[in-house]
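The values are calculated or read from the model by the stated rules, or taken from the named source; none is laboratory data. Treat the numbers as computed from the prediction; the structure is a model and nothing was measured. A quick note on method: Cβ atoms are made from the backbone with ideal geometry, for glycine too, and the neighbour counts reach across all protein chains shown. In case anyone asks, the SASA skips ligands and DNA or RNA and just uses the protein heavy atoms, side chains included. Shrake-Rupley method; radii C 1.70, N 1.55, O 1.52, S 1.80 Å.
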Amino acid sequence: MTRIENEEQYNWAVARVEQLLPLVTDDTPRNDPNSIELDLLSNLVADYSDEHFSIGRPSALSIINEMMASNKIVEPVF
């Protein structure tokens with residue numbers, strides 16, 4: 001697989017990454033088959049996620065509004 005084409009493939013790849021995570025540690029050699037598969041699938045999942053689930057950059061106004069709401073500020077303080 002060189003590219004994830006649909007959500008079914010994406011879900012399969014995510015599940016496989018979750019299976020591989022406990023098998024690959026910092027001590028696992030880079031040429032280990034599980035390490036190679038994890039690296040490749042992780043990149044494919046990230047690419048698909050960026051393309052299909054990207055939330056974009058927030059506007060400055062939306063950041064200010066969120067900060068005000070989370071700090072329970074009803075009116076602007078100058």
Worksheet, complete the sentence: With Cα coordinates, the longest principal axis of the chain makes an angle with the long axis of helix 33-52, in degrees rounded to 10, of 30
Response to the item:
In degrees, nearest 10, the alpha-carbon axis of helix 7-20 is tilted away from the dominant principal axis of the alpha carbons of the chain by 70
Worksheet item: How large is the charge dipole for the chain, taken about the Cα centre, if only the Cβ atoms of Lys, Arg (+1) and Asp, Glu (-1) carry charge, to the nearest 20 debye?
Response: 300
Worksheet item: Which whole-number percent is the relative contact order of the chain (Cα, under 8 Å, 6+ apart)?
Response: 29
Worksheet entry | Share of carbon and sulfur in the accessible heavy-atom surface of the chain [1.4 Å probe, %] | 55
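Could you give the accessible area per residue of the chain, probe 1.4 Å, as a whole number in Å²?
The answer is 84 Å² per residue.
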Item to complete: Report, to two decimal places, the Cα Rg of the chain normalised by 2.2 N^0.38 Å (N = number of residues).
Response: 1.71
